[in-house]
Each structure stands twice: as structure tokens, then as C-alpha cells.
1. So, in the stretch 17-53, exactly how many residues are of a type outside the set (A, V, I, L, M, F, W, C) and touching an Asp or Glu at 6+ places or on another chain (Cβ under 7 Å)?
2. Give the stretch 30-44 a look and list any residue that's surrounded by 17 or more Cβ atoms within 10 Å (Cβ to Cβ), out of contact with any helix residue (DSSP H, G or I) (no Cβ under 6 Å at 6 or more places or on another chain) and not β-branched (Val, Ile, Thr), or say none.
3. Of all residues being on the phi > 0 side of the Ramachandran plot and under 20 Å from the mean Cα position of the chain (by Cα) in the stretch 49-70, which is surrounded by the fewest Cβ atoms within 10 Å (Cβ to Cβ)? Just the residue, please.
4. Being at pLDDT 95 or above, within 14 Å of the chain's Cα centre (by Cα) and either more than 30 Å from ILE18 (Cβ to Cβ) or of a type outside the set (Gly, Ala, Ser) (or both) narrows it down to one residue among ILE73, ILE113; which is it?
5. Here is a list of conditions, (1) surrounded by fewer than 15 Cβ atoms within 10 Å (Cβ to Cβ); (2) charged (D, E, K, R); (3) farther than 26 Å from ALA127 by Cβ, and ARG3 meets all of them except one; can you say which number that is?
6. Under 23 Å from ALA116 (Cα atoms) and not in a helix (DSSP H, G or I): which single residue out of HIS52, HIS80 fits that description?
7. Kindly indicate whether any position in the stretch 72-85 is crowded, with 18+ Cβ neighbours inside 10 Å and in contact with a Pro (Cβ under 9 Å, 6 or more places away or on another chain).
8. Can you tell me which residue in the stretch 90-111 is farthest from GLY8 (Cα to Cα), limited to those that are free of Cβ contacts under 8 Å to residues at least 60 places away in the same chain, of a type in the set (Gly, Ala, Ser) and not in a strand (DSSP E or B)?
Amino acid sequence: MRRVAVIGVVWLALAATIAAVIGRLNIPSLIKLVKHGAPITATIIRTTCDSHNSAAYTFTVGSARYSGGDNGIQDCRSLHPGDQITIYYDLTDPALNRASEPTAALRNEIISISLAAVLIPTFALGAVLFRKRRKKP
């Protein structure tokens, strides 16, 4: 019974660590965009569709011009320099911008992080326990 508790604590620690580390990458900026984001039209500068459907774009807020880029651009292969797409920018900091709708992007990010936090420790601990079991005579 003690062994099960130790495995559970190790699994929980690994899952929490993975979620915290991966979550720090995109979650804070997506939360800002959900809270303070607004859509705006941006102009495509270039696409790199072979690299995660990426595109670079520019947009203007007031008299200031900003640039950005994002992955997962819808219909990337049909876009060309000069085409316009809708992006989302932070009203308090337009340098923070994404080409994906913030609420949907946040939801997808949480799902991905949750899956990684559950599956990675499960497979890692499973492999360790399986290996230990095979070594016993």
C-alpha cells in the first residue's frame, strides 16, 4: 500500500511540474488576449507553410505599426504577401498578438497541456515499473 502511495505522489509531482513548465509558455499571453484582446485586420508579409503553417504579418493601431507572426494559420497555402487576415491583439499592449481566436486557442492549449501532464508521467512511471518487474527473477 505504501508503494502505491509513493507512486501516486511521484506521478502527481511529475504531472504538476509538466503542467507548470509547459503552461508558462503560452497560457499567460493567451489569458491577456482573452481579457483584453480585440480583432483587427493584418496584412500578410510572408508565409512559411511548411513550418507549422506559419505567417508573418503587419497591422496598424492608431498611428503605430506593429508586426507579428503565428503558427497554425488557417488556409496558409492559399495566402500570399499582401493578403489580409484577422488577428487578435492586446488593447493594452498591441505587440502581443496572435492569428488565432484567443478563447479557442486557450482552450486548445489547456487540453494539450493536460494531456501531456497526464500521459508523460503515466508512460514514464509505467516504463520504470515494467523494467523493474522484468529484472526480478
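1. Of the residues in that region, 4 qualify.
2. If the condition is that a residue be surrounded by 17 or more Cβ atoms within 10 Å (Cβ to Cβ), out of contact with any helix residue (DSSP H, G or I) (no Cβ under 6 Å at 6 or more places or on another chain) and not β-branched (Val, Ile, Thr), then ALA42 is the only one that fits.
3. Applying the filter and picking the extreme gives HIS52.
4. Checking each option against the conditions leaves just ILE113.
5. (3)
6. HIS52
7. no
8. ALA99
The values are calculated or read from the model by the stated rules, or taken from the named source; none is laboratory data. Here the structure is a predicted model, which means the values were calculated and not measured. So basically every Cβ, Gly included, is an ideal-geometry build from the backbone, and we count neighbours across all protein chains shown.
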